[in-house]
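Visitor: Dumping the structure here so I can ask a few things about it.
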Amino acid sequence: MEERAGELRAAIDAVRAACRVCRAVQERMVGAALEKRDKSPVTVADFASQAIVCRSLALELPADPIVAEEASDELRRESNARLRDAVVEHVRAEIGAPASGEDVLGWIDRGGADAKDGRYWSLDPIDGTKGFLRRAQYAVALALIEDGEVVLGVLGCPNLSDADGGRGALFAATRGGPARAFALWGAQETGGKPVRVDGIRSAAQARFCESVESEHSDQVESARVAGLLGIASEPLRIDSQCKYAAVARGDASIYLRMPTREDYREKIWDHAAGKLLVEAAGGRVTDIDGHPLDFGLGATLAGNRGIVATSGAIHDEVLDAVRRARGG
Ligand code: AMP
Ligand code: MG
C-alpha cells in the first residue's frame with residue numbers, strides 16, 4: 001500500500017469538490033470580488049472552496065490543522081451579507097446537505113491554524129484569483145507538510161487542458177512517489193497517468209513561464225535571465241500554480257518568480273503543492289539564490305526569496321543566469 005494513501009484519497013476528493021464549486025461560481029460568476037486589506041481580490045468561490053476543503057478534511061482527518069489563505073471576518077460583516085449568502089448556498093449545493101451560515105463560516109475558520117511544527121495542511125482555495133476573474137488559469141492547491149517538508153500535494157486546475165485535450169486537470173504527488181495526472185471531473189479514476197518533466201540539457205532550448213501579473217514577478221528581470229540563457233521564445237504567462245504543472249508535464253522547462261519587492265515573502269500555500277509536483281516529476285525547485293524552500297517557518301517562506309523551478313538538468317545553468325541578471 002502506498003504511503004499516505006488515505007490522506008491522498010482524502011485530498012484528491014476535497015480538491016475535486018472544491019473545483020466543482022469554483023466552476024459553478026465561475027459559470028454564474030456570482031457577484032464581484034471583495035477587496036482584502038492587502039488590496040487583493042477575493043470571491044464567493046475562494047470562500048466556498050476553502051469551506052469545502054476544510055469540511056472534507058475535518059471529516060476525514062479531524063486532528064490535522066490547516067493553514068489556509070482566507071478567513072471569515074470580512075464575510076461576517078453585515079455589509080457582506082449577500083456575498084455570505086451566496087457562499088453558503090454554493091457550499092450547500094456541493095455537499096447536498098443542510099448547513100447553517102455559522103457552519104460554513106466555522107469551516108472557513110478551520111483554515112486559521114498557526115502551525116509550523118509537526119504535521120499540517122496548507123491550502124490555497126483559489127490560487128490565481130485574478131486568473132479566475134479573467135476566466136483564465138487558477139488552481140485549488142492543497143499540500144500536507146510534516147516537519148517542514150512537503151510530503152503530499154494535490155493541484156486541481158479546472159481550466160487547464162488535460163492530456164486528451166479536454167478542460168480540467170488534477171495532479172497529485174507524494175514524497176518519494178511518482179507524480180500523476182488524473183481527470184478532474186467525472187467518474188472515479190484508476191491510478192492516473194505518470195507525469196514527467198522534459199529532458200532538455202541546455203537552457204537555450206527552454207520555454208519559460210511566469211506570472212501574468214507583473215506585480216507578482218519582475219518580468220523585466222526574467223527577460224534579462226532569458227536573454228542570458230539564449231532563450232528566443234516568448235514567455236508563457238500563466239496565473240497560479242498551473243505554472244508548476246506546466247513544468248511538471250513538460251509544457252515548459254522553467255518557472256521563474258523574480259521578486260518585485262525586497263520585503264515580500266512567498267506564502268507556503270502558493271508553492272507547497274506545486275513544488276512537490278515538480279520534484280516528483282523529476283525537476284528541481286529552489287529560491288533564486290539556489291537555496292531549498294523551507295516550509296517549516298510558518299505561513300511564509302521567510303528564509304527564501306523568489307522561486308526557480310526547472311526540469312532539473314538545466315537548474316544550475318538557470319541559477320547562474322539569475323545571479324548574473326541580478327548583478328551578482
Ligand atoms: P500568480 O498567479 O503566480 O501571479 O500568483 C498569485 C499569488 O501571488 C497570490 O496567491 C498571492 O499570494 C501572490 N502575491 C501577491 N503579491 C505578491 C508579490 N508582490 N510577489 C509575489 N507574489 C505575490
Ligand atoms: Mg495564491
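The values are calculated or read from the model by the stated rules, or taken from the named source; none is laboratory data. Everything numeric here is computed off the predicted structure, so don't read it as measured data. Cβ atoms come from the backbone with ideal geometry, glycine included; neighbour counts cover every protein chain shown. Accessible surface areas use protein heavy atoms only, side chains included; no ligands, DNA or RNA. Shrake-Rupley method; radii C 1.70, N 1.55, O 1.52, S 1.80 Å.
Visitor: Report whether or not Pro98 is part of a loop (DSSP other than H, G, I, E, B) and either touching a helix residue (DSSP H, G or I) at 6+ places or on another chain (Cβ under 9 Å) or surrounded by fewer than 24 Cβ atoms within 10 Å (Cβ to Cβ) (or both).
Guide: Yes.
Visitor: So which residues in region 312-328 are in a loop (DSSP other than H, G, I, E, B) and either in contact (Cβ under 8 Å) with a residue 12 or more places away in the chain or acidic (Asp, Glu) (or both), if there are any at all?
Guide: Gly312, Ala313, Ile314, Arg326
Visitor: Regarding region 128-139, can at least one residue be identified that is part of a helix (DSSP H, G or I), of a type in the set (Lys, Arg), away from ligand 2 (no atom under 15 Å from the Cβ) and open to solvent by 50 Å² or more (accessible area, probe 1.4 Å)?
Guide: Scanning region 128-139 turns up no residue that is part of a helix (DSSP H, G or I), of a type in the set (Lys, Arg), away from ligand 2 (no atom under 15 Å from the Cβ) and open to solvent by 50 Å² or more (accessible area, probe 1.4 Å).
Visitor: Is there any pair linking a residue in region 45-56 that is farther than 10 Å from Ile108 by Cβ to one that is among the aromatic types (Phe, Trp, Tyr), with Cβ under 7 Å and at least six apart or on different chains, and which?
Guide: Ala45/Phe132
Visitor: For region 140-149, give me each residue that is more than 14 Å from ligand 2 (Cβ to nearest atom) and within 13 Å of the chain's Cα centre (by Cα).
Guide: Leu144
Visitor: State the number of residues belonging to region 237-252 that are more than 9 Å from ligand 1 (Cβ to nearest atom), assigned to a loop (DSSP other than H, G, I, E, B) and closer than 24 Å to Lys130 by Cα.
Guide: 3
Visitor: Regarding Arg175, is this residue without any contact (Cβ under 8 Å) to a residue 24 or more places away in the chain and either farther than 19 Å from Ser49 by Cα or open to solvent by less than 50 Å² (accessible area, probe 1.4 Å) (or both)?
Guide: Criteria not met by Arg175.
Visitor: Among the listed residues Gly166, Gly186, which satisfies the condition of being more than 16 Å from ligand 2 (Cβ to nearest atom), more than 18 Å from the chain's Cα centre (by Cα), open to solvent by less than 40 Å² (accessible area, probe 1.4 Å) and without any contact (Cβ under 8 Å) to a residue 24 or more places away in the chain? Please lay out each step first, then the result.
Guide: Working: Gly186 fails: open to solvent by less than 40 Å² (accessible area, probe 1.4 Å).
When all the criteria are applied, what remains is Gly166.
Visitor: Give the number of residues within region 216-231 that are part of a loop (DSSP other than H, G, I, E, B), more than 13 Å from ligand 1 (Cβ to nearest atom) and open to solvent by 40 Å² or more (accessible area, probe 1.4 Å). Give the steps one after another, and end with the answer.
Guide: Filtering region 216-231 down to residues part of a loop (DSSP other than H, G, I, E, B) leaves 216-218, 230-231.
Restricting the remaining residues to those that are more than 13 Å from ligand 1 (Cβ to nearest atom) gives 230-231.
Still in the list and also open to solvent by 40 Å² or more (accessible area, probe 1.4 Å): 230.
Total satisfying the criteria: 1.
Visitor: Pick from region 245-271 the residues that are within 13 Å of the chain's Cα centre (by Cα) and open to solvent by 10 Å² or more (accessible area, probe 1.4 Å): which of them is nearest to ligand 2 (Cβ to nearest atom)?
Guide: Asp270
Visitor: While we're here: Being open to solvent by 60 Å² or more (accessible area, probe 1.4 Å) and part of a loop (DSSP other than H, G, I, E, B) narrows it down to one residue among Glu234, Glu213; which is it?
Guide: Residue meeting the stated conditions: Glu234.
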